[in-house]
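Beneath this line is the structure, given in structure tokens, with notes to follow.
Computed from the coordinates by the stated procedures, all read-outs in this text should not be read as laboratory data. Note that the coordinates shown come from a computational prediction; the quantities given were computed from them, not determined experimentally. Positions of Cβ are backbone-derived with ideal geometry, glycine not excepted, and every protein chain shown enters the neighbour counts.
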Amino acid sequence: MNLSTVLYQRQGSVGIITLNRPEKLNAINDAMKADLHTALDMAEADEQVRAILVHGNGRAFSAGFDLADGTAGTDLAAKRQELEEDFELIMRFWNSPKPTVAALHGFCLGGALELAVACDLTVAAAGAKMGEPEPKFGSGIVAMLLPWLISPKHAKQLLLTGEDRLDAQRAYEMGLINQIAEEGSHVETGLALAKKVAALDRTAIAYTKQAINRSYDIMGMRQALLSALETDIIIEATETPESKEFNQILAAQGLKAALQWRQNRYG
């Protein structure tokens, strides 16, 4: 398969997906979305693969969905299609019939954090920084998983403040990640965890994952996620005087200037 933004290999019984746009902090653009689907297809179709590991090349796991790649503007139909595609990608890691493990380092922000916590197990290097900065940009949350995986208070702290510097220790205390790895050993730690899962009975693991996920469905998670996605579509397709001015400054002077304008005006 010809993958331009993702690397894929199998190491023993683990399929390894590597985000590979290091010059853009592995920001997820349309090409990477397509490549991730292809890599997941390969891993899920390979009978030798019993677990899937995802990590990032370079200085970060991922800065999230690439803001430069969104072209829908305020066109509701186009925005819906764009965000539904983002949602589908994140949830593939949750819905995969095989166990998924994320190994984080550097920054893991926005949609990338949602993808990482959608994995069954998540490890992070000690120096990793995580968060959901979308409200800073006038955006909503694509996959509102956090309230289901950590306490509502912790979820609101992250989602309502635009937190983007949450450290690994605090993320562990919140229940956002399973394990902290020594700096530089996150891939090794994640791979060891994936191999531990892969060594167990394939059928028992598959059905156990399915049963756990089904418990969330019974509690209404899937319906709630779809409802939250509808809210995100409205947020991102609605132009207000504030968002219009923010975007004008963003286009003319860059993100730092736009964020500073909002801080000066409303902070």
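Does residue 265 satisfy being over 21 Å from residue 117 (Cβ atoms) and not hydroxyl-bearing (Ser, Thr, Tyr)?
yes
Of the residues 113, 83, which is touching a helix residue (DSSP H, G or I) at 6+ places or on another chain (Cβ under 7 Å) and either in contact (Cβ under 8 Å) with a residue 40 or more places away in the chain or under 26 Å from residue 48 (Cβ atoms) (or both)?
83
Taking the stretch 9-23, which residues are closer than 21 Å to residue 106 by Cβ and buried (at least 17 other Cβ atoms within 10 Å of the Cβ)?
Passing the criteria: 16, 17, 18, 19, 20, 21.
How do the pairs read when you match residues in the stretch 214-243 that are under 15 Å from residue 143 (Cβ atoms) with residues anywhere that are among the polar types (S, T, N, Q), using Cβ under 7 Å and keeping only pairs 6 or more apart or on different chains?
Close Cβ pairs (under 7 Å, with a partner that is among the polar types (S, T, N, Q)) amount to 235/139; 236/139.
When you scan the stretch 86-108, how many residues do you find that are farther than 19 Å from residue 46 by Cβ and in contact (Cβ under 8 Å) with a residue 12 or more places away in the chain?
In the first step, residues of the stretch 86-108 are kept if they are farther than 19 Å from residue 46 by Cβ; the result is 86-91, 94, 102-108.
Now drop any that are not in contact (Cβ under 8 Å) with a residue 12 or more places away in the chain, which leaves 86-87, 89-91, 94, 102-108.
Count: 13.
Residues of the stretch 1-26 being touching a residue at least 24 places away in the same chain (Cβ under 8 Å) and in a strand (DSSP E or B), which ones?
Scanning the stretch 1-26 gives 6, 7, 8, 10, 11, 14, 15, 16, 17, 18, 19.
Looking at (1) touching a residue at least 24 places away in the same chain (Cβ under 8 Å); (2) over 25 Å from residue 260 (Cβ atoms); (3) among the charged types (D, E, K, R), which is the one condition that is false for residue 167?
Going through the list (1) touching a residue at least 24 places away in the same chain (Cβ under 8 Å); (2) over 25 Å from residue 260 (Cβ atoms); (3) among the charged types (D, E, K, R), residue 167 breaks only (2).
If you go through the stretch 95-111, how many residues are under 11 Å from the mean Cα position of the chain (by Cα) and either basic (Lys, Arg) or within 21 Å of residue 226 (Cβ to Cβ) (or both)?
2
Would you check if residue 41 is more than 19 Å from residue 133 (Cα to Cα), in contact with a Leu (Cβ under 6 Å, 6 or more places away or on another chain) and not in a strand (DSSP E or B)?
On the way: more than 19 Å from residue 133 (Cα to Cα): yes; in contact with a Leu (Cβ under 6 Å, 6 or more places away or on another chain): no; not in a strand (DSSP E or B): yes.
Taking the combined requirement at face value, the residue does not satisfy it.
Going by the structure shown, is residue 114 of a type in the set (Asp, Glu) and within 21 Å of residue 190 (Cβ to Cβ)?
yes
Testing residue 39 on (1) touching a strand residue (DSSP E or B) at 6+ places or on another chain (Cβ under 6 Å); (2) within 11 Å of residue 98 (Cα to Cα), one condition comes back false. Which one is that?
(2)
Can you tell me which residue within the stretch 36-58, out of those that are closer than 14 Å to residue 194 by Cα and of a type in the set (A, V, I, L, M, F, W, C), is surrounded by the fewest Cβ atoms within 10 Å (Cβ to Cβ)?
Out of the qualifying residues, it is 49.
Quickly run through the stretch 142-179 and pick out the residues that are aliphatic (A, V, I, L, M) and farther than 30 Å from residue 207 by Cβ.
Within the stretch 142-179, 158, 159, 160, 166, 168 qualify.
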